[in-house]
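These notes are about the structure you will find just below.
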Amino acid sequence: MLSKFRLVWLVAGRELKDQFRDWRVLAPMIILILCFPFLMNEFAKQTVDFLNQYQANLILDRFVPFSIMIIGFFPITISLVVALESFVGEKERGTIEPILSAPLDNWQLYFGKLLVGVATPLVASYLSIALYLFLVLDQDLNMPSFMVMVQLFLLTTAHATLMVSAAIVISVQSTSVKAANLLASFIVIPVAILMQGEAVLLFWGNEQVLWLAIVGVMIISLLLIRVGIAHFQREYLLGREIDVINLRWIWQTFYRNFTGGSKSFRQWYLGVLPLAMRRVAPAVLAVGLIAFLSLWMGYDWIMVNVSDMVHSASPERLQKIESSISQLPDLTNLQGSISAPFLFMNNTRAVAFIFLAGLFSFGVLGILLYMLNIGVVGGVYALIELLGMNPNPLFFAGVLPHGIFEIPALVIGSAIVLYMGAVIVTPQTGKSMGEVMIELFADWVKIFLGVVVPLLAIAAIIEAYITPGLLISVMAR
Amino acid sequence: MIETYELTKQFNDFLAVDSVNLSVGAGHILAILGQNGAGKTTTVRMLTALLNPTRGWARVAGYDVVKNGHDVRSAVGVLTEQHGLYMRMTAVEYLDFFGQVYSLTASARKLRSDHLLEYFGLTEASHRRIGEYSKGMRQKLALARAMMHDPGVLLLDEPTSAMDPESARLVRDEIARLKSFQRTIVICSHNLTEVEALADQIAIIYRGRILIQGTLEELKKTVLGAPEYEIKFSFDWDSNGVELPKGVEFLSRTADGLKVRVENPQEANPQILKHLFAKSASVMALQEEPRTLEQVYLKIMAQAKGSENVE
């Protein structure tokens, strides 16, 4: 096994040596490592002077961790160029074929490139951060706590892994360095948005949520690495020469997979759709189990976090809350104002949003949204219970009638997203990544139109015309 | 040893290689000839386990190219169309890197690299960056890389292109030496003289299909017909009415002799001479008309294009 890793080191070592002999890579990195901490320090000084006028100590405390995160980020963006051209650059220079013809396994070649791709920006980031900390020590600024330092260290590592693993996927799939560099915006922009969120968490000072963010970024990074290896095919690296969007081929591939060769709607509905459903079945089971977990999590979260608040509330306050809750759904008005098309559109949009969120995160964000949706139900159940009411009749009357259709629609709609993520990270022999994506999209459209939409339509009709009546009768009792 | 059966490769709508059957034994050289884009590189890439065949199979050094890609790549040395050299490395570093990739020990790497660099006349430049090398030097270094692990099978794409005559000769000698050491060699080349000198078997490929393959003699016989001979007489001897033995076809009369086509020269030529001597003909020479691989190649190509136009 060690000898197999030796080849990974060998590939990485050669790449690294090559980089250190290229002043076009070295010079910007050195300038960035040395100059940016000084710039940031100067900016910090000015900010501190400004904030001191207003006694904004809390912001001052959080300013250094924020600066560390930014300083760590910049060298990664510059070094991304190295990862972006790792495979496609070799292809353009004509050096890829001898190395592909050598007895190296795909993963050895991939990890060799990945190692250098991650290590170079990380070393640059760590050096830059170290220099900045040295400068911070010299000033009257609070150093972050040890735990925050660990989080920042991991966050920088997670950012580098995320960006480089995505860059290498792009490098493997691109046909030119130019195309790879253009596609890099699909890495830099989402990561920049992610960092804004992380900056909010840093200023908020919620360490727990920041840990979740670190874990989330790490999971996505690992999935990206898995995707890269799964779709790494020597054939495609050598075979494809030109970047052409073949709309005809895209449509034909989609149409072929969508219709599955069926001649009539009946044939499609009874033959092709069940086949797609069978493929998604394990994911449906998994998402079904996740539903129970989410219900419990929602229930538990309310019980832990809200029960103290409810128990410490004065009787008058409690009575006020209870009466307002019992009056909340003005069901007589609700029947008229919330129509079936409105409910249908709302639920369809939610499932489509889960799909979109899952599409860019291998299903992870989609499933998180799904868990949030289901978790709310568990939370509401717990809240009603905390207020001393029996939630069961309300649930049987208010959720179950339309839930019989709506919940399976949500489960199936989310299961496809999980299935898509699983397929993308699994090697598909003889198929390009584009082909796999089109086939998956065809499966999603099939199930969405054939199963999810009809279920949501029935649920919307029941929710609009039957559920309110049942709820009124239960609440009247 | 290389064996293929109905080896086919299709890229979307494009059929790059169509049902290629090859068999090259140890100690043999096969030359694949064809226009640019005929399918030579794709065939070689399938034999290197870089591309998976769409149909058919191939075994290289006893390994299946689909099932045992790693073993195939270990057993094969490839000289690719593009040299694939790392310009910031020195020749010594480059060969050492590939030696390590092929799991050679440090001493074996040093020995092999020193030998190859010396053989190809690169020792003096061995510590210079490859980026500073001339085109010919780069070609030699790429060839040295392909030979670094002393592979049992060599797949060489244009091994002497960009080389000066002296270097080309050096490479040809090395290929011939490797052949005598029972290596299996496939050469893709446009240099027909070189192919004539080296190849035991020749395959001509056109639009992915092998049009013809065999030894040079077989190709000449099949494409150009039976060999032609010129009989020269020392003085004006009246060859009118001379009867030729069976299997000898009269073609034309030249200024000082005859041109004939002989089906079976081994048997017929002595008969011709015997017959002419009996007629007191003053035969000065009986020599085969030179027929080159180029003639074979051009005729085959013309036929292929002609039949395509007819279709």
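With no solvent and one point on each alpha carbon, what is the Debye value of log10 I(q)/I(0) for chain A at q = 0.07, 0.10, 0.11 Å⁻¹? Taken in order of the listed q values, log10 I(q)/I(0) reads -0.52, -0.95, -1.07. In region A:115-246, a dipole from Cβ-located charges (positive for Lys and Arg, negative for Asp and Glu) runs towards its positive end, and of A:126, A:148, A:172 it is A:172 whose Cα lies farthest in that direction. Between B:173, B:13, B:150, the Gaussian network model of chain B with springs among Cα atoms under 10 angstrom shows the greatest mean-square fluctuation at B:13. Comparing B:212, B:272, B:29 in a Gaussian network model of chain B where C-alpha atoms under 10 Å apart are linked, the largest mean-square fluctuation is found at B:272.
Using Cβ point charges alone (K and R +1, D and E -1), the dipole size of the protein assembly as shown about the Cα centre works out to roughly 800 debye. In order along region B:32-41, the Karplus-derived 3J(HN,Hα) couplings, from 6.51 cos²θ - 1.76 cosθ + 1.60 at θ = phi - 60°, round to 9, 10, x, 5, 5, x, 6, x, 5, 5 Hz, and Gly and Pro are given as x.
Think of a 1.4 Å ball rolled over the protein heavy atoms: chain B then has 47 Å² of accessible area per residue. Charge tally around residue B:57: other residues with Cβ under 14 Å, Lys/Arg +1 each, Asp/Glu -1 each, net +1. For the segment B:82-89, counting C-beta atoms of other chains within 10 Å of every residue's C-beta and taking the mean gives 6. The residues of region B:91-106 listed by number as losing at least 30 Å² of accessible area in the complex, against the isolated chain and with a 1.4 Å probe, are B:93, B:97, B:98, B:100, B:101, B:102. Annotation for residue A:52 and residue B:292: the two label points, set 7 Å from Cα along the Cα-Cβ direction, are 8.9 nm apart. The spacing between region A:128-180 and region B:266-311, judged by their C-alpha centroids, is 76 Å. Considering only C-alpha atoms, what is the centroid distance from region A:401-477 to region B:82-156, in Å? Cα centroid of region A:401-477 versus Cα centroid of region B:82-156: 59 Å apart. So how much accessible surface do B and A hide from each other in total, probe 1.4 Å, in square angstrom to the nearest 100? Between B and A, the summed buried area is about 2700 Å². The orientation-averaged shadow of the Cα convex hull for region B:2-221, equal to a quarter of the hull surface, comes to 11.9 nm². Computed over chain A, relative contact order equals 17 percent, with contacts defined as Cα pairs under 8 Å that lie 6+ residues apart.
In the context of the full set of protein chains, residues of region A:2-239 present 44 Å² of accessible surface per residue (probe radius 1.4 Å, heavy atoms only).
Taken about its Cα centre, chain B carries a charge dipole of roughly 780 debye when the Cβ of each Lys and Arg holds +1 and the Cβ of each Asp and Glu holds -1. Legend: residues in region A:8-41 shielded by at least 50 square angstrom of accessible surface upon adding the remaining protein chains to the isolated chain (1.4 Å probe, heavy atoms) are A:10, A:14, A:18, A:21. For chain B, the longest principal axis of the alpha carbon atoms and the long axis of helix B:106-119 meet at an angle near 40°. Taking the protein heavy atoms of chain A in the context of the full set of protein chains, the accessible area attributed to carbon and sulfur is 71 percent at 1.4 Å. In a Gaussian network model over chain B where Cα atoms closer than 10 Å are linked, find which of B:113, B:234, B:161 has the largest mean-square fluctuation. So, out of B:113, B:234, B:161, the one fluctuating most is B:234. Sparse packing (at most 13 other Cβ atoms within 10 Å of the Cβ) combined with a DSSP loop state is found for the following trypsin sites (Lys or Arg not before Pro) in region A:178-284: A:263. In this structure region A:353-413 gives 44 Å² per residue of accessible area when probed at 1.4 Å with all protein chains present. With angles folded into 0 to 90 degrees, how steeply does helix B:91-101 sit against the dominant principal axis of chain B? Use alpha carbons for both and round to 10. Value to nearest ten degrees: 80.
Loop-located GluC sites (Glu not before Pro) in region B:198-304 (DSSP state other than H, G, I, E, B) with a sparse environment of at most 10 neighbouring Cβ atoms within 10 Å: B:243. Expressed as a whole percent, the accessible surface of chain B that belongs to carbon and sulfur atoms is 49, based on a 1.4 Å probe.
Using a 1.4 Å probe on the heavy atoms of the protein chains only, list every residue of region A:220-239 that has 50 Å² or more less accessible area in the complete assembly than in its chain alone. In region A:220-239, residues shielded by partner chains: A:235, A:238.
Name the residue from B:26, B:5, B:100 whose Cα lies farthest towards the positive end of the charge dipole of region B:2-221, charges +1 on Cβ of Lys and Arg and -1 on Cβ of Asp and Glu. The Cα lying farthest towards the positive end belongs to B:100.
For chain A, find the longest principal axis of its Cα atoms and tell me its angle to the long axis of helix A:315-327, 0 to 90°, nearest 10. Taking the Cα atoms of chain A, the angle to A:315-327 is about 80 degrees.
The values are calculated or read from the model by the stated rules, or taken from the named source; none is laboratory data. Here the structure is a predicted model, which means the values were calculated and not measured. Reconstructed Cβ throughout: ideal geometry from the backbone, glycine too, with neighbour counts over all protein chains shown. Surface accessibility is based on the protein's heavy atoms, side chains included, excluding ligands, DNA and RNA. Shrake-Rupley method; radii C 1.70, N 1.55, O 1.52, S 1.80 Å.
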